[in-house]
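The values are calculated or read from the model by the stated rules, or taken from the named source; none is laboratory data. All values reported here derive from a predicted model rather than from experimental measurement. In this analysis, Cβ positions are derived from the backbone assuming ideal geometry, glycine residues included, and neighbour counts consider all displayed protein chains.
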Amino acid sequence: MITAKSHFAGLTAALFLLAAAGSTVAAENLIINGDFKDGLNSWSFSKKAPAAVVAHVVKDGRLVLDIQPGTALGATDILLIQRHVLQDGQRYQLSYTVETDQPGTTRHLFQLSSSPHSVLGLAENVDVQSGRTRVKASFVALQENATPNNLTLNLSKLQGHVEISDIRLELAQEYPATALSFEWLVFLDVAADTALPAATPASLPGRAGADVTPQRAALQDGAIDLAALAGGAVSEKQVAVLINDFVCDGPGVIALGFAADWWMDITLNGQPIYSTLKDGNRSAKLVPDDHPVALNVDSGRNVLAVKVLAGSQGWRFVCGVPQPPIKYVANDEWRPVSMPDPVIKAGTALDLSEQVAAPAGTLGRMAIRDDGELVLADDPATPLRLLGFNGIPSGVLNVDDDEQFRARAHEFAQAARRQGYRLFRFHSVFDRTLCEGSDGPMQINPRQLDRWDYLVHALKQEGIYCHMVVFSFTLYDAPQNRGKNFEDRDMHKLMMYLGGAWQRGHFQYGAETVLNHYNPYTKLHWRDDPAIAFVEYYNEHELGFERIGAVLENYPDAKAALERRWREWLVARYEGKDLPAALAAELGGAPLAAAPLPIMGHRGRGTAMANEFSLLRMALSKECAAWCEGVVRGTGYSGLTTQYNLSKKIGDSAVRWEASQVIEMNTYYQHPAGGWGAPGCTVGQASSLADAANYWRNTTSSRIAGRPFIVSEYNHCYWNPYQYEGGMVFGAYSALQGFNALEVHSGPVAFAGARSYVGAFSCYSSPIVRASQFLTACLFQRGDVSKARQRVELVVPEEVLVADGVADGAVSAEQSRLALITGFTIAFPWARPAPKTFPGAPPAMQILPAGIATVDAHDWFVNVVESKDGTFALSEAIATLKQRGALPATNASDHDAGIYQSDTGEVTMYSQDRRLTVVTPRSEAVSLDIGGALPVVLGAMTVLKSSVPACIAACAMRGDELAASDRVVLVYSTSVVNSNTTLGPGRQKMINSGRSPVLLQAGDFALLLRHQRADRLALYALGFDGQRLQNLPVTARDGVATVAVNTATIESPTTFFELVVE
């Protein structure tokens, strides 16, 4: 059962200047010594930074902090805590005054007082400007026992002179939505820069110059149609301001929901409440559930002001009462998971160590075969398919005792091998931990380097190769600058492109110091160790361009450096030549040496200047990759290199064609919007199959024939309810395309006693991700799913790439659907390929980018399929493949019906039904939503039913055929949440992340398995360590075993079952 609170449990901070309108009525303050008259009595004040960096004193009823400017404090370096027992389900209002001479961020939380310090209804960051600010936040407490918990003010992100005073915690009066006035004042077509007022105005400045007076309008069915009020003539981002002037008889909270077509900004009494100006409404539903907001109202008069910017197709404001949130608690449907030890036990059904040949490096370096396959130099006949991962558990690198560290390093490597992992990527942790304990920048700590030496040695012994990332976030800087470097990460990435001396100096130091270092345990220099499979230069480097708007706004030196390169680029291209007419018009007479930067983002798309900038980006990308290559090769490293793993733009694929031996990509399905999954973030709830696995197709659209292809980060993120689809989508389709490595993000390996809690990217603690990774090991790494028999190549002519913004676009969704049917790659055959790469086998068919009608003939065009108007018809392409014999005539693909079947016949997607099937000799699986046709007949297995959406799979663990294997692992993967997880209506918005233990959704499923020894099969529920927990009934008749399990009734919920011949 899912329980829903009767009121909105979300939280939204409201900032109030002390001069805000209206008086306040004093209520009981639950805070003890909130005015600091007794110093810090009743408070716990934690300050990790030394007094020279952060000084504090209590003076005149204030906690006064002086934080040295430029100090990068840790995330929890300054905490002010008071413990309270609050009433579960009761709404409270927290308020306090912050006075500071510099902008910063304050954070407030109500959380468990002991590990894991889970949030109990309140967790929020609030940006404050210089001056005096009253911060207010309302929340519903999630206190379920009599244990005092922490009300925490986290002051670690404030700077300069800071004063904290008048801290109050009060029971909040809850007002209904009818507390607002019935009528709104609507000011249409106001000037774009109009500030929202703190008091009701008689008029506002108009866009045309004259003042605008208001109309009166009431909500009709919860909305005001601004376009209708304006007479129907609306331009995008036309501005309206709506005012609601109302009175409350005391301080309290109104729970409301808002939406707008398409952007809005909300203030209460002149102070910011909520804004969608950055990303728009996001949801096309335009309902109050889109943006629930808690208004912290004052006693007396209140003025609610909303600015609404018109969208491209409408202008509308919505206000009403949102649906109640959804709270998950343990019950018969959502069962607590027991995972005391996540380490797979040797010899159990889940032990995949046989897939990992040890030690690593005995067959030479990884190399590229002449058909583009990744192989070991001394075993060129065997293509490599590597299951890999990011993330290392706590308790390895950070233990104090050296002997304990070495023991833990071996335990970590052994645990990873038993989970089938053959590749470990050093992302995020590498350039950070190497410098821990050092005194300044570019000072790798010898003790930390020795630990990495030993870790590589331990991994190598267990057959696990290493993917080294030179630059992540910390960039070999001083440890105290870690937080600042993370905040400045996009600036550093842009400056790396531009040849920044700081960035390139740090890169060269890190790469040369590590690769030239001699590892006493492997007895090899890092540069010579065949266990170092790949060297990647800079993770997600492209974000330096993708998030360039904020960088240019906040970092004037970076903007000036980019302007110089931009102008040099234009001068070099066009000086002494006639400018293209469109470019000349946009420059408006400005000389090339003083040309302004183009408008960034979607507003600049389609312009001549934007097209020029995309070409500059390509040139800078190639130059930067070549510089990095020179540094790495200068050490003597002869292994494989890779760079640019984020952007799916065609221009960046063209860069990789010339610059990368190995193509790599990061991708996520339903990455949380607004952060990394904390309260306030949203996650879409659609099935990945509904859009034909578009996130995976975007990834494979960057694949280049003749090169290895690896996915350096991926995940199907929690709390999307279809997370169970991830193992089949990535495992099956990556095998079909012949990917060479899949590296999940993050942290699938952990030790006994690890926290039972799932976040957006959690792996080890998620029964769903563990099931998906097991299935991926079988479908992909073991090779159960065959590689596509044919290949279609998308050819991008040079004249097409450099015109009309093509470089800034991605492969069309229609064309990328071919990757669900047969092999798919992109090519730029007019450009020089990266050194030591190969062209690959000829494709069965070549196509042009969608929208390209004709091109001049080139000798590299073979069998190009195009329509006269340049459009692409997938149905016609499928028919052509069949006509040419590249696709069997019996292939079931039907684009109009949303059915896509691989040319091997093993993988079939029914996107309209949100169903995916895999049938191979060793493994069979189906991901299915409820409501579809049953039974699902596969090969040896037939799925009779599932009461909830799920992935159901059977994998032979011995022998070559599922129907004959004497050990079979069954997977039944559904959905997970944390205990007390609270989500907004529709499940998109995270309100409360919950706490341990993890809850696994129970389901009732049944299947048939045709088996040579069906009458001798026994069925066991398995723990997540692979050990048998419970014997379950299984029946057999005429060589067919029947398995029927209701996981609500088994002793311990699990996603794994074992069928074994006894």
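Structural remarks
- Scanning segment 823-832 for residues that are in contact (Cβ under 8 Å) with a residue 40 or more places away in the chain and either touching a strand residue (DSSP E or B) at 6+ places or on another chain (Cβ under 6 Å) or more than 29 Å from Ala732 (Cα to Cα) (or both) yields Gly823, Phe824, Thr825, Ile826, Ala827, Ala831, Arg832.
- Single residue of Val140, Val186, Val162 found to be modelled with pLDDT of 95 or more and in contact with a Gly (Cβ under 9 Å, 6 or more places away or on another chain): Val162
- Which numbered condition Ile991 misses (of (1) modelled with pLDDT under 95; (2) buried (at least 17 other Cβ atoms within 10 Å of the Cβ); (3) assigned to a loop (DSSP other than H, G, I, E, B); (4) not basic (Lys, Arg)): (3)
- Residue satisfying condition, being acidic (Asp, Glu) and assigned to a strand (DSSP E or B), within set Glu536, Glu540, Glu553: Glu536
- Filter result for Ser394 (within 25 Å of the chain's Cα centre (by Cα) and surrounded by fewer than 20 Cβ atoms within 10 Å (Cβ to Cβ)): yes
- When Ile273, Ile224 are checked against the criterion of being touching a residue at least 12 places away in the same chain (Cβ under 8 Å), farther than 24 Å from Ser312 by Cα, among the aliphatic types (A, V, I, L, M) and surrounded by 15 or more Cβ atoms within 10 Å (Cβ to Cβ), a single residue qualifies: Ile273.
- Cross-chain or 6+ apart pairs with Cβ under 7 Å, segment 123-146 first and under 20 Å from Asp166 (Cβ atoms) and not assigned by TED's automatic domain parsing to the domain that holds Pro292, then in a loop (DSSP other than H, G, I, E, B) and of a type in the set (D, E, K, R): Ser130/Asp101
- Considering residues of segment 997-1017 that are part of a strand (DSSP E or B) and charged (D, E, K, R) only, the residue nearest to Val1034 (Cα to Cα): Arg1010
- The condition of being farther than 30 Å from Lys460 by Cα, part of a loop (DSSP other than H, G, I, E, B) and under 29 Å from the mean Cα position of the chain (by Cα) holds for only one of Asn281, Asn331, that being Asn281.
- Elements of type strands (runs of 3 or more DSSP E) contained in segment 935-978, each with 1 or more residues being under 29 Å from the mean Cα position of the chain (by Cα) and modelled with pLDDT of 95 or more: 950-956, 967-973
- Selection within segment 170-191 - within 38 Å of the chain's Cα centre (by Cα) and exposed (fewer than 12 other Cβ atoms within 10 Å of the Cβ): Pro176
- Cβ-Cβ distances below 7 Å connect the following pairs, each with a first residue in segment 898-913 that is among the charged types (D, E, K, R), a second residue that is at pLDDT below 95, and a separation of six or more residues or different chains: Asp913/Gly932.
- Residues in segment 541-553 that are touching a Ser or Thr at 6+ places or on another chain (Cβ under 9 Å) and either among the basic types (Lys, Arg) or within 21 Å of Arg633 (Cα to Cα) (or both): His541 only.
- Residue selected from segment 975-988 under the condition out of contact with any Pro (no Cβ under 7 Å at 6 or more places or on another chain) and surrounded by 23 or more Cβ atoms within 10 Å (Cβ to Cβ), by the criterion farthest from Ser756 (Cα to Cα): Thr981
- Complete set of residues in segment 1008-1031 that are surrounded by fewer than 18 Cβ atoms within 10 Å (Cβ to Cβ) and in contact with a strand residue (DSSP E or B) (Cβ under 7 Å, 6 or more places away or on another chain): Arg1010, Arg1013, Asp1015, Arg1016, Ala1018, Arg1028, Gln1030, Asn1031
- Test: residue in segment 443-452 that is buried (at least 20 other Cβ atoms within 10 Å of the Cβ) and closer than 27 Å to Pro342 by Cα: yes
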